[in-house]
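Q: My structure is below; once you've seen it, I'll send some questions.
The values are calculated or read from the model by the stated rules, or taken from the named source; none is laboratory data. Quantities reported herein were computed from a predicted structural model and do not represent experimental measurements. Positions of Cβ are backbone-derived with ideal geometry, glycine not excepted, and every protein chain shown enters the neighbour counts.
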Amino acid sequence: MTWLAADVAASREETPRVRTLELDVPDWPGHRAGQHLDVRLTAEDGYQAERSYSIASAPGDGVTLTVERLDDGEVSPYLVDEAREGDRVEVRGPIGGYFVWDGDEPEPVLLVGGGSGVVPLAAMARQRARVGSTAPMKLLRSSRTIEEVIYREELDALAGGGFEVVHTLTRSQPPGWTGYSRRIDRELLAEVAWPASESPRVYVCGSTRFVDAAADGLLQAGYDARWIRTERFGATG
Amino acid sequence: MIGTSELRLDGNAIGGLLLELFGAELTAAPCVCGSCGAREEMARLDVYLGAGIVVRCRHCEGVMLRIVQGHGQTWLDLSGVGSLELSSQ
């Protein structure tokens, strides 16, 4: 697998710390919802740094990344603060055959995302809409504040027709907030998650701590470990 | 400061590196632990990223893979893997 040239075609701010980059990758072989790619930056002195980022776009809809700036990171500060239209990076991918959902299965789907862990889950929600899947899908997302909810308007607008978005805001809530306002725990999962009798497909993405807490809560709710697919992201982006 | 638990990722994190080394998608490939015999997809193994990469069984925590890269070389220790199942697709 070789590194491919990728040019930033457009970018937009999602939150002050998070930016979406649309990449033009002429040799992109296509991808599946949930996959990621590696981005490599090369400094003038030849020093190279690479990190993995989830692909936000549905298959067939270009290559879009949504990147959260980690202040001591080597790659994310550049992608969020500096990379703009016309800038070139290198990418390797798509990567992953485990944390993927193609939209061709009828079983209910539970997506659980913490912070920017929503990115690959958003690709799955977009894929559901794109292929007209009727699989019931719930997206449970945890964010610190309402301002930090990535893709809020777009994903909330997808709701209906078997797709539901449930929010929890863990740090502060706006006036009149009717969603959850605590970290995801066993009781919250018991209220939101599909009954275990429905053998749902589950995708959990976030920090290690978030993923472990969500997976433990689902196991306690009677879910089979084989139904739960997780992807942890690191603190060194 | 990053706690130890935050350094533990999973096999998804090394999917690109494995693709480069083996020329195949391996995150969905079942691996059998050489220590306890548990069989899990690579994505379900514990991965620790540091100066090198250590992959541990999520059940017995036995070391399954170690990968160190530098100076244009890759050093790969697979001695903790009982078997690895590759899809022929």
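Q: Could you please find all residues in region A:90-112 being among the β-branched types (Val, Ile, Thr), more than 14 Å from every other protein chain (Cβ to nearest Cβ) and either touching an Asp or Glu at 6+ places or on another chain (Cβ under 9 Å) or farther than 19 Å from A:Tyr151 by Cα (or both)? Lay out the reasoning, then the answer.
A: Taking region A:90-112 as the starting set, the residues that turn out to be among the β-branched types (Val, Ile, Thr) are A:91, A:95, A:100, A:109, A:112.
So of that shortlist, the ones also more than 14 Å from every other protein chain (Cβ to nearest Cβ) come out as A:109, A:112.
Result: A:Val109, single match.
Q: Just the residues that are surrounded by fewer than 23 Cβ atoms within 10 Å (Cβ to Cβ), within 26 Å of B:Ala13 (Cα to Cα) and touching a Pro at 6+ places or on another chain (Cβ under 8 Å), please, taken from region A:128-152.
A: Scanning region A:128-152 gives a single hit, A:Lys138.
Q: Would you check which residues across region A:226-237 are more than 9 Å from chain B (Cβ to nearest Cβ) and within 18 Å of A:Val100 (Cα to Cα) and list them?
A: Restricting attention to region A:226-237, the residues satisfying the condition of being more than 9 Å from chain B (Cβ to nearest Cβ) are A:226-228, A:237.
Residues satisfying the conditions are A:Arg226, A:Trp227, A:Ile228.
Q: Within region A:163-182, can you find the residues that are out of contact with any strand residue (DSSP E or B) (no Cβ under 7 Å at 6 or more places or on another chain) and loosely packed, with under 15 Cβ neighbours inside 10 Å? Give the derivation first.
A: From region A:163-182, those out of contact with any strand residue (DSSP E or B) (no Cβ under 7 Å at 6 or more places or on another chain) are A:171-176, A:178; that's our starting set.
Correct list: A:Arg171, A:Ser172, A:Pro174, A:Pro175, A:Gly176, A:Thr178.
Q: Which of the residues spanning region A:57-77 are at pLDDT 95 or above, out of contact with any Ser or Thr (no Cβ under 7 Å at 6 or more places or on another chain) and more than 18 Å from A:Leu4 (Cβ to Cβ)?
A: Hits for region A:57-77 are A:Ala58, A:Ser76, A:Pro77.
Q: Separate question: Any residue in region A:214-222 that is within 14 Å of chain B (Cβ to nearest Cβ), modelled with pLDDT under 95, within 30 Å of A:Ser76 (Cα to Cα) and outside any loop (DSSP other than H, G, I, E, B)?
A: No, region A:214-222 contains no residue that is within 14 Å of chain B (Cβ to nearest Cβ), modelled with pLDDT under 95, within 30 Å of A:Ser76 (Cα to Cα) and outside any loop (DSSP other than H, G, I, E, B).
Q: Same structure, new question: What single numbered condition from (1) among the aromatic types (Phe, Trp, Tyr); (2) without any contact (Cβ under 8 Å) to a residue 40 or more places away in the chain; (3) more than 22 Å from A:Ala215 (Cα to Cα) fails to hold for A:Tyr151?
A: Only one criterion is unmet by A:Tyr151, namely (2).
Q: Could you grab me the full set of residues in region A:35-66 that are more than 26 Å from A:Arg128 (Cβ to Cβ) and more than 14 Å from every other protein chain (Cβ to nearest Cβ)?
A: Result: A:Leu41, A:Thr42, A:Ala43, A:Glu44, A:Asp45.
Q: If you don't mind, another one. Looking only at region A:119-144, count every residue that is closer than 18 Å to A:Leu188 by Cα and of a type outside the set (D, E, K, R) and tell me the total.
A: So in region A:119-144, the residues closer than 18 Å to A:Leu188 by Cα come out as A:137-144.
Narrowing the set further to residues that are of a type outside the set (D, E, K, R) leaves A:137, A:139-140, A:142-143.
So the answer is 5.
Q: Suppose we filter region B:25-65 for residues that are free of Cβ contacts under 8 Å to residues at least 24 places away in the same chain, in a strand (DSSP E or B) and surrounded by fewer than 17 Cβ atoms within 10 Å (Cβ to Cβ); how many remain?
A: Qualifying residue count for the region: 1.
Q: Only residues that are without any contact (Cβ under 8 Å) to a residue 60 or more places away in the chain and either charged (D, E, K, R) or over 18 Å from B:Ala43 (Cβ atoms) (or both): list them for region A:212-231, please.
A: A:Asp212, A:Ala213, A:Asp216, A:Gly217, A:Gln220, A:Ala221, A:Gly222, A:Asp224, A:Arg226
Q: If you check B:Leu7 against the conditions, is it within 10 Å of chain A (Cβ to nearest Cβ) and of a type in the set (A, V, I, L, M, F, W, C)?
A: Answer is yes for this residue.
Q: Moving to a separate point now. When the residues of region B:31-56 are filtered to those that are of a type in the set (A, V, I, L, M, F, W, C) and closer than 13 Å to B:Ser83 by Cα, which remaining residue is nearest to the other protein chains (Cβ to nearest Cβ)?
A: In the first step, residues of region B:31-56 are kept if they are of a type in the set (A, V, I, L, M, F, W, C); the result is B:31-33, B:36, B:38, B:42-43, B:45, B:47, B:49, B:51, B:53-55.
Keeping just the survivors that are closer than 13 Å to B:Ser83 by Cα gives B:31-33, B:36, B:38, B:42.
Working: B:Cys31: 12, B:Val32: 16, B:Cys33: 16, B:Cys36: 16, B:Ala38: 12, B:Met42: 7 Å.
Within region B:31-56, the match that is nearest to the other protein chains (Cβ to nearest Cβ) is B:Met42.
Q: Check off (1) in contact with a helix residue (DSSP H, G or I) (Cβ under 6 Å, 6 or more places away or on another chain); (2) more than 21 Å from A:Tyr98 (Cα to Cα); (3) among the small types (Gly, Ala, Ser) for A:Gly206 and give me the number that stays unchecked.
A: Here A:Gly206 meets the rest and fails (2).
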